[in-house]
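Data block below; observations after.
The values are calculated or read from the model by the stated rules, or taken from the named source; none is laboratory data. Predicted, not measured: the structure shown is a model, and the values here were computed from it. Note: ideal-geometry Cβ built from the backbone for every residue, glycine included; neighbour counts use all protein chains shown.
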Amino acid sequence: MNSTTLSPPTQPPGLLRKLANILSILLGSRTAVTGLAVVLFWLGIGLLSLVWTPHPPNAQAFDANLPPTSTNWMGTDHLGRDIWSRVMAGTQVVLLKTRLSTDPQVVVPGGVALWGVIGAVVVGGLLGVNAGYRGGRVDQAIMQLLDALIAFPVIVLYLVIVTALGSGDVVVVLAITITGAPGVARLVRGLTLDIKTREYIRAAETRGESANYIMLREILPNARGPILVDAMLRVGYAIFAIGTLGFLGLGLPPPDPDWGSMVNDARKYIYANPIAILWPALAIATLVIGVNLFADGLREELTRYQQ
Amino acid sequence: MMSEPRIHPLALTAVDKLQRGRINRREFLRYTTLLGVSVGTAYALAGCAPAAAPASVGAPAAAGGITRGGTLRKGMLIQQIDHPARLSWVEGSNAIRLVNEYLTETGPDNITRPSLLESWEASDDVKTWTLKLRQGIKFNNGDDLTADDVLYSFSQWLDPEVGSSMLGLLSYLDGMNSVEKVDDYTIRLNLASANIGVPEHLFHYPAAILHRDFQGDWVKQPIGTGAFTLVEYLEGERASFKARTDYWQMGEDGSPLPYLDEIVFVSVDKDASVAAIQGGQLDTLFKPRPSDFLALKDNPDLQIQGVATANCFVVRMRVDQEPWNDNRVRTALKMCQDRQKILDLSYNGEGVLSLDAHFSPVHPAYAERPIPAYDPEGALALLEEYAAEKGIQLPLQVTLSTKNDLSEPEIAQTLRESAAAGGFDITLDITEPNGYWDRWTEVPLGITIWAHRSLDTMVPPLAYIADADGNPVPWNETRWVDAEFSEKLRQAELTLDIEARREIIGELEDIMQERGPIGNSYWTNEWEIIRKEFQNVIAHPANFDFYYSVWKQQ
């Protein structure tokens, strides 16, 4: 008998187990898998662009407004730059890196759009859950403040921010945060108003849990599905916001590419070179659809799993 | 018996210079007409067939039979307008130009012709100008145009309270003391210093002739001698004008101009204008951008006329700030301009390459000089010398500011790429237009658009000299004040002889090229893009409309 033989551990450690669970949930949804594949595609393209692009993205090495050829797969833009190389490099801004400073260069992982959405979700989420849960004057004060913010046209807010803070990646993150937070707060407040009537909240209150505990541990985790979906949608808005901000001079300074600015640049030449606007627009659309599919699938699976 | 018109002695000197080949025909025509010689006589003196000489800017010989009627629809921003003397945008002047007229007209050929004036005469020393008004011209309220209206208009231009840019342009006048009414149809100007540009100055766009009872708001009181009357002017929306039936200029069919029934301006931006032209809702647009030109140039329903101008985008450096206070750095940046590439990428190659000086080939006394080549190695050598002296590392990091408008972002990005090999690391700071106009005189390095001026000595006094106290004038965005340049510029302003003037302008160009504060890659072309059925259309370098003689083929 091999009584001395040690049997291998039947359960992976806690973190791995969690990952395996999440993966099994994900793989259970075809929607989520499709979305994840799209997001991973762009993530891969972005990572590849850190080390290689077919041509230097800012080099004006070709004739302007060329159609797609075997050398320039997506053609060239109005300054004779290879569009595919710029689309590849543009992924970095959205998903991969944020420049905190250009001199000296300080870069943090995570794209401007992602940090902007994270900022909006954190700020908006905290304000919304406080407004919804605490109610009364706190609710009134927070929501009126946010309503006042919503009443401003977004462009005006952007201009206020650029006047006050200048331009650059961090300012773009702040702009996306400030303009996105009111919407998130409204959503979270609505969810909180619903969730706080649930019995498990009553139970927590009966247990004598603090308001902060109830908001952060009981309410927000149970509101995460819609927040997640909203956040994914906001990644798309954020990508567009980067283009708008770039147009106003608040965003990412040229010539480094981001998809929004590429759309904006190509818009000027849309009649002369209509296809140039297609590629960055397609990149934005596919990534937005990808993150949405991923979020939808994830939510469906999480809901089923919880049930 | 009619008396022979007097020919100015300087015009006779010019005939001699033309015959000896010292000046060309274009310069001769421009110069002699400024001195009061009629266009026909000038052509005759130049040895051309006088019959070929167009008598006015807006009425070239029409091919085929002229038809009357129709509406011309143009995409152009409808801006707030009050006093025509205060105009600061060409769009507003195009609206006013339909209702009010000017004493003179400078055409795209740079020749100034009489308009409301019948003729003018300059004294031998070019200090006294006698302006003779046409008789029989009526305002649209029925009043006759007389010298009183002209004097009233001068009083508005010269009144500091009104705030007209004419005040600076007519600085050779000592207020209304210099403007004298000789009789009902004759006005005399007594200049403090000689100036040959007076007739051109009278066509500066705020110089529309006003009715003597004008109160200060043109929209409420659109009284003028022009070919159209104002129907409505809705700021930000539209403006429409209908034809007068008693206009003073006659068409080629023997009836009064204009040929068109109606002009409508629709206040939409350029993108919308292009789409509307393609969709048939508009016939033309104001000042097409290079991208609009590209979008519309192959449209079979449209005709395009191009015209060379003195419009430019200058890369200007503030010489009171480091590193631009060192001429080696300024020169290095100028050498980093790949001018042809910048022109091709930012303006579709539709322009003329330039020296780094603010004098255009369309200017009458422009002196030909070779266009500097793109020389990044030379620039790098200069920067290395500078860096070694200052103890700094290359690349030299600088920030280039400009606005996201016509072609500035493309120029900035192309210059950034071209200058990398020359040792510059340029960070771009591109804002929306107002964001730049708020600080255009303040940024250390910027790209500023300068509009067309017909005379070579009109921009430099605005941008490259100091005032009487020695401070740079308000629009001197570079703070560059050079004693030799200022002195020679003054000489050029006072020099009436074309050859002598060209020699001085050449020296000014050399000074700017050698130690000046600007890089200037090219002069732009402007285009008039309009449906093919419209005839007699003029492309003017300053984007002025001359619609009184345009007709529509039915």
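Miscellaneous remarks
- Meets criteria (closer than 24 Å to residue A:166 by Cβ, within 14 Å of chain B (Cβ to nearest Cβ) and of a type in the set (Lys, Arg)) for residue A:81: no
- Residues within region B:388-426 that are more than 8 Å from every other protein chain (Cβ to nearest Cβ), under 17 Å from residue B:289 (Cβ atoms) and in a helix (DSSP H, G or I), tallied: 2
- One residue alone among B:64, B:40, B:75 is touching a strand residue (DSSP E or B) at 6+ places or on another chain (Cβ under 7 Å) and either modelled with pLDDT under 85 or not aromatic (Phe, Trp, Tyr) (or both), and that residue is B:75.
- Residue check for residue B:374: buried (at least 16 other Cβ atoms within 10 Å of the Cβ), touching a Ser or Thr at 6+ places or on another chain (Cβ under 8 Å), assigned to a loop (DSSP other than H, G, I, E, B) and within 14 Å of another protein chain (Cβ to nearest Cβ): yes
- Restricted to region B:445-475, and to residues there that are crowded, with 19+ Cβ neighbours inside 10 Å and over 30 Å from residue B:27 (Cβ atoms), the residue that is farthest from the chain's Cα centre (by Cα) is B:445.
- Helices (runs of 4 or more DSSP H) completely within region A:155-250 that count 1 or more residues being within 30 Å of residue A:101 (Cβ to Cβ) and away from chain B (no Cβ under 14 Å): A:169-195, A:224-248
- Test: residue in region B:505-515 that is among the basic types (Lys, Arg) and surrounded by fewer than 19 Cβ atoms within 10 Å (Cβ to Cβ): yes
- Selection status of residue B:382, at pLDDT 90 or above, away from chain A (no Cβ under 14 Å) and on the phi < 0 side of the Ramachandran plot: yes
- Scanning region A:80-110 for residues that are in contact with a Gly (Cβ under 8 Å, 6 or more places away or on another chain) and either in a loop (DSSP other than H, G, I, E, B) or among the charged types (D, E, K, R) (or both) yields A:97, A:99.
- Flag for residue A:270 being away from chain B (no Cβ under 14 Å), modelled with pLDDT of 85 or more and out of contact with any Pro (no Cβ under 8 Å at 6 or more places or on another chain): no
- Looking across B:330, B:339, one residue alone is among the charged types (D, E, K, R) and in contact with a Leu (Cβ under 6 Å, 6 or more places away or on another chain). It is B:339.
- Wholly enclosed helices (runs of 4 or more DSSP H) of region B:453-551 bearing at least 1 residues among the basic types (Lys, Arg) and not assigned by TED's automatic domain parsing to the domain that holds residue B:204: B:483-494, B:498-515
- Residues being outside any strand (DSSP E or B) and surrounded by fewer than 16 Cβ atoms within 10 Å (Cβ to Cβ) - total across region B:129-142: 4
- Filtered residues of region A:14-42 (kept if modelled with pLDDT of 75 or more, of a type in the set (Lys, Arg) and out of contact with any helix residue (DSSP H, G or I) (no Cβ under 9 Å at 6 or more places or on another chain)): A:17
- The set of residues in region B:268-281 being surrounded by fewer than 18 Cβ atoms within 10 Å (Cβ to Cβ) and either more than 14 Å from chain A (Cβ to nearest Cβ) or not in a helix (DSSP H, G or I) (or both) consists of B:269, B:280, B:281.
- Only a single item in (1) part of a helix (DSSP H, G or I); (2) within 14 Å of chain B (Cβ to nearest Cβ); (3) more than 18 Å from residue A:44 (Cα to Cα) is not met by residue A:115, and it is number (2).
- Scan of region B:427-442 for residues that are more than 10 Å from chain A (Cβ to nearest Cβ) and under 16 Å from residue A:167 (Cα atoms), ordered by number: B:439
- Scope region A:58-78; condition touching a residue at least 40 places away in the same chain (Cβ under 8 Å) and more than 13 Å from every other protein chain (Cβ to nearest Cβ); matching residues: A:67, A:68, A:74, A:75
- Evaluation of residue A:301 against the conditions (1) of a type outside the set (Lys, Arg); (2) at pLDDT 80 or above; (3) more than 20 Å from the chain's Cα centre (by Cα) shows that the sole unmet condition is (2).
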